[in-house]
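Asker: Below is one structure. I have some questions about it.
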Amino acid sequence: MNLENKTILITGGTGSLGKALTSHIFKNFPEIKKLIILSRDEQKQFQMAQEFPESQFPQIRFFLGDVRDEQRLVRAFQGVDIVIHAAAMKHVHLAEYNPDECIKTNIGGAQNVIHAALQTSVSNVVALSTDKACAPINLYGATKLTSDKLFVAANNIKGTNPIKFSVVRYGNVMGSNGSVIPFFMKKKAEGKLPITDATMTRFNISLQGGVDMVMHAIDQAWGGEIFIPKIPSYRITDVAKAVAPECTLEIIGIRPGEKIHEEMITSSDSYNTYDLGKYYTILPSVPHFDLDDFVSTFSAIKVTEGFNYNSGTNAEWETVNGLRLLIKEHVDLNF
Ligand SMILES: NC(=O)c1ccc[n+]([C@@H]2O[C@H](COP(=O)([O-])OP(=O)(O)OC[C@H]3O[C@@H](n4cnc5c(N)ncnc54)[C@H](OP(=O)(O)O)[C@@H]3O)[C@@H](O)[C@H]2O)c1
């Protein structure tokens with residue numbers, strides 16, 4: 001998609017994905033009109049403004065705001081063409097302990113983004129989801145599933161407004177804030193790494209992989225899709241071996257709300273899931289577009305009934321050596 005002259009707003013723009021998107025957009029679309037970063041904490045915005053100084057990036061704007069505040073979003077969305085909704089509470093155990101807060105941000109925030117986008121001239125909204133939204137067992141996942149449902153259903157209430165709402169769902173982002181690799185790197189000085197369960201697996205995606213998916217959704221969505229990447233899994237024990245082969249592993253037991261394996265597509269989703277080549281997409285059970293037209297445009301192939309996409313039964317796996325290379329490339333150059 002040509003983003004020339006477009007104004008883009010990223011909620012949660014000071015987070016891991018927001019910053020990676022900001023770099024990507026300035027590098028690949030220097031002719032954009034404006035890029036607005038919306039988040040709450042002035043300190044994070046201050047730091048990001050040093051990384052992206054206005055002298056070098058004259059189109060960047062920083063907008064303090066909370067996605068819980070619809071009026072503030074309406075103000076922020078004035079003149080915006082594309083909204084990328086990345087703001088979220090994402091720590092599983094904090095959501096379990098503070099459920100009201102998580103609901104207000106992840107569900108209330110999603111509703112506010114939709115309402116504000118419908119009241120302004122926004123034409124494209126891409127919302128970030130997570131594998132934890134698939135058959136959720138924790139509150140974080142449940143709130144993100146609700147958010148996904150809200151964004152998919154928003155296409156039903158847009159009337160003649162040509163706006164499109166779509167969702168991008170993926171697994172653990174290598175090296176993102178609060179993720180396992182930086183955690184292990186910090187812990188390795190103690191000579192012992194805590195492992196919740198020796199059989200635990202996760203999907204693995206790089207930040208750039210996440211950015212590419214968001215750009216794909218901006219470019220290709222017809223509205224109502226949940227896009228899912230085809231990505232490898234890793235065993236948590238292999239991550240530990242890759243980060244610190246010298247450390248012993250201490251099994252500490254699974255934490256509240258955690259799964260042994262993650263899923264991105266359940267067998268019940270298979271009835272509405274299509275293979276697009278690089279990605280899968282789960283379509284709404286009643287899409288607002290012509291399904292045959294969609295299938296022929298994207299050469300989409302319906303997955304077999306009962307298909308599911310699970311990190312424990314994935315066909316593609318990261319190896320310990322492969323993980324070491326990825327950590328060097330994506331997390332820490334000095335590793
Ligand atoms: N990282 C992963 O492994 C992963 C995997 C799958 C999906 N995701 C999804 O991808 C998205 C981005 O994740 P990330 O890793 O970039 O998260 P992150 O680094 O934790 O950043 C979260 C961002 O959201 C902002 N934020 C939080 N609450 C807010 C609120 N009420 N109003 C406005 N801004 C708020 C934060 O800034 P302030 O605190 O200053 O407001 C920050 O900019 C999330 O939706 C997450 O669920 C992440």
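Asker: Could you sort 155-163, 132-140 so that the peptide with the highest average Cβ count within 10 Å comes first and the rest follow in order?
Answerer: 132-140, 155-163
Asker: Can you pick out the pairs among K19/K132; K90/K186; K132/K192 whose Cα atoms lie more than 26 Å from each other?
Answerer: In this structure, K132/K192 lie more than 26 Å apart at Cα.
Asker: Going out from 0 in 10 Å bins, what whole percent of all Cα-Cα distances in the stretch 222-311 drops into each bin?
Answerer: In whole percents, the pair-distance histogram is 14, 36, 23, 17, 9, 2.
Asker: Could you sort the peptides 297-303, 236-242 by per-residue average Cβ neighbour count (10 Å cutoff), highest mean leading?
Answerer: Result, highest mean first: 236-242, 297-303.
Asker: A further question on this structure: Can you list the residues, at least 5 places off or on another chain, whose amide H is less than 5 Å from the amide H of V80, using H built in the peptide plane?
Answerer: S121
Asker: In square nanometres, what is the average projected area of the Cα convex hull of the chain?
Answerer: Its Cα hull, projected and averaged over all orientations, spans 17.0 nm².
Asker: Show that you can apply the helix-only estimate: for the chain, add -39,500 (n - 2.57) for every DSSP H stretch of four or more residues, divide by all residues, and state [θ] at 222 nm to the nearest 500.
Answerer: -10000 deg cm²/dmol
Asker: From Cα pairs below 8 angstrom and at least 6 apart in sequence, can you work out the relative contact order of the chain, rounded to a whole percent?
Answerer: For the chain, the relative contact order is 15 percent.
Asker: Write down the Kirkwood hydrodynamic radius of the stretch 77-209, to one decimal in angstroms, obtained as one divided by the mean of 1/r over all alpha carbon pairs.
Answerer: 16.4 Å
Asker: Report ³J(HN,Hα) in whole Hz for each residue of the stretch 251-260, in order, from the Karplus equation J = 6.51 cos²θ - 1.76 cosθ + 1.60 where θ = phi - 60°; Gly and Pro get x.
Answerer: Result, ordered by residue: 7, 10, x, 5, 8, x, x, 8, 10, 6 Hz.
Values quoted throughout were computed directly from the atomic coordinates according to the rules given, and no laboratory measurement underlies them. In this text the structure is predicted, and so the values were computed from the model without any measurement. We place every Cβ from the backbone using ideal geometry, glycine too, and count neighbours over all the protein chains shown.
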